[in-house]
Amino acid sequence: MTCLCWGCFCQYLDLAKAEYSYLPGENANFEYQRQHVLFNVPFKVSEKAYFFVGLDYSAIQFKFHEDQDSYDKEEVENFTSLDLAFSYIYELKNDWYLGMKLAPSFTSNLEMKLESGDFLLSGLVVFVKDKMDTEVVKKPHRIIAGMYYTTTSRFPAPFPFFSYYRKFHERWSYTVGAPSSNLKYYLGEKNRFQLYAEGDGFNAHIQNGVLVNDALFADRIRMFLILAGLRYEYSISKHFEAYLNLTRTVFSDVQLRDGKDNVFVPNIDNAMLYRVGVRCKI
């Protein structure tokens with residue numbers, strides 16, 4: 001199995017990454033920060049198969065404005081997320097590949113010992129059509145299609161996963177799909193710019209819960225954002241790159257929840273979110 005077939009799945013499976021995200025509170029009812037690190041270790045199973053074991057860790061901080069609804073804001077300011085990820089990719093026939101990922105995790109404010117509400121589960125099954133060999137294909141392209149399931153979203157149910165990539169010019173390529181799309185310009189071998197849109201968010205358990213306005217009780221916080229903006233990438237070496245994202249929220253869904261009921265919905269109105277990081281890729 002070549003590195004090309006790794007790359008078709010590993011654009012969503014970095015070998016290592018360290019990232020910092022920041023949403024200031026000017027156009028939102030809160031300030032948001034996230035420190036995110038991950039790594040995946042590959043194991044060769046056969047000439048056609050690889051297995052990956054990974055850890056994905058995030059430290060998340062909210063700082064809510066004091067003039068918001070009455071509740072103990074200290075209970076919903078700091079969260080920890082840790083995923084244990086198992087991924088598998090297998091070479092099929094005619095440039096097709098099968099990719100699978102299972103990620104049990106916990107996300108909580110960790111006010112006490114871990115409990116059942118802290119645990120979440122995500123999974124992904126995709127089929128990949130890889131035509132990225134520039135020596136054979138005039139216009140390299142890649143298709144990824146499948147399903148993913150995550151309990152971190154507002155609606156824990158299977159969702160379609162699709163991505164189509166094509167490099168249509170020496171300096172231009174595009175990706176259309178979900179959960180991300182982009183238009184990329186290659187300034188040179190080391191510098192790239194892209195306009196992109198993607199989804200982001202998390203779902204965390206609030207141990208002991210929090211009482212809102214002396215009436216409603218919330219035991220979860222959920223955040224889902226659709227971001228659009230500009231990304232700059234710099235290739236440090238063949239497998240290492242640094243990046244900077246400047247984005248705005250074009251859609252936001254942030255909730256304190258009690259079971260299936262919304263308790264309190266903080267507002268995000270066209271807020272900026274900044275992200276900087278380094279990653280090791282195939």
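The values are calculated or read from the model by the stated rules, or taken from the named source; none is laboratory data. Because the structure is predicted, anything quoted here is derived from the model rather than measured. Cβ coordinates were reconstructed from backbone atoms using ideal geometry, including for glycine residues, and neighbour counts include every protein chain displayed.
A few comments on the model shown:
- Count of residues meeting criterion [among the basic types (Lys, Arg) and assigned to a strand (DSSP E or B)] in the stretch 229-251: 2
- Put simply, of ASN191, ASN267, ASN203 the only residue that is within 24 Å of LEU124 (Cα to Cα), in contact (Cβ under 8 Å) with a residue 24 or more places away in the chain and of a type in the set (S, T, N, Q) is ASN203.
- Given (1) surrounded by 14 or more Cβ atoms within 10 Å (Cβ to Cβ); (2) assigned to a strand (DSSP E or B); (3) more than 19 Å from the chain's Cα centre (by Cα), number of the condition GLU75 does not satisfy: (2)
- Condition broken by ASP214, with the remaining ones in (1) touching a residue at least 24 places away in the same chain (Cβ under 8 Å); (2) under 30 Å from SER235 (Cβ atoms) satisfied: (2)
- Residue check, SER163 farther than 30 Å from SER108 by Cα and within 17 Å of the chain's Cα centre (by Cα): yes
- Residue list for the stretch 257-282, restricted to those being in a loop (DSSP other than H, G, I, E, B), closer than 30 Å to ALA16 by Cβ and out of contact with any Phe, Trp or Tyr (no Cβ under 6 Å at 6 or more places or on another chain): ALA271, LYS281
- Test: PHE51 is touching a residue at least 24 places away in the same chain (Cβ under 8 Å) and either closer than 17 Å to ASP219 by Cα or touching a Phe, Trp or Tyr at 6+ places or on another chain (Cβ under 7 Å) (or both): yes
- Failed criterion for ASP83 (all others in (1) surrounded by fewer than 17 Cβ atoms within 10 Å (Cβ to Cβ); (2) modelled with pLDDT of 90 or more; (3) farther than 25 Å from VAL212 by Cα hold): (1)
- So ASN262, is it touching a Lys or Arg at 6+ places or on another chain (Cβ under 7 Å) and either over 23 Å from ASP83 (Cα atoms) or free of Cβ contacts under 8 Å to residues at least 24 places away in the same chain (or both): no
- Screening ASP56 on (1) among the acidic types (Asp, Glu); (2) modelled with pLDDT of 90 or more; (3) exposed (fewer than 14 other Cβ atoms within 10 Å of the Cβ) shows it passes everything except condition (3).
- Each residue in the stretch 224-257 was checked for being out of contact with any Ser or Thr (no Cβ under 7 Å at 6 or more places or on another chain) and either of a type in the set (Phe, Trp, Tyr) or over 26 Å from HIS205 (Cα atoms) (or both), and 19 pass.
- Boolean, TYR88 is within 20 Å of the chain's Cα centre (by Cα), of a type outside the set (Gly, Ala, Ser) and at pLDDT 95 or above: no
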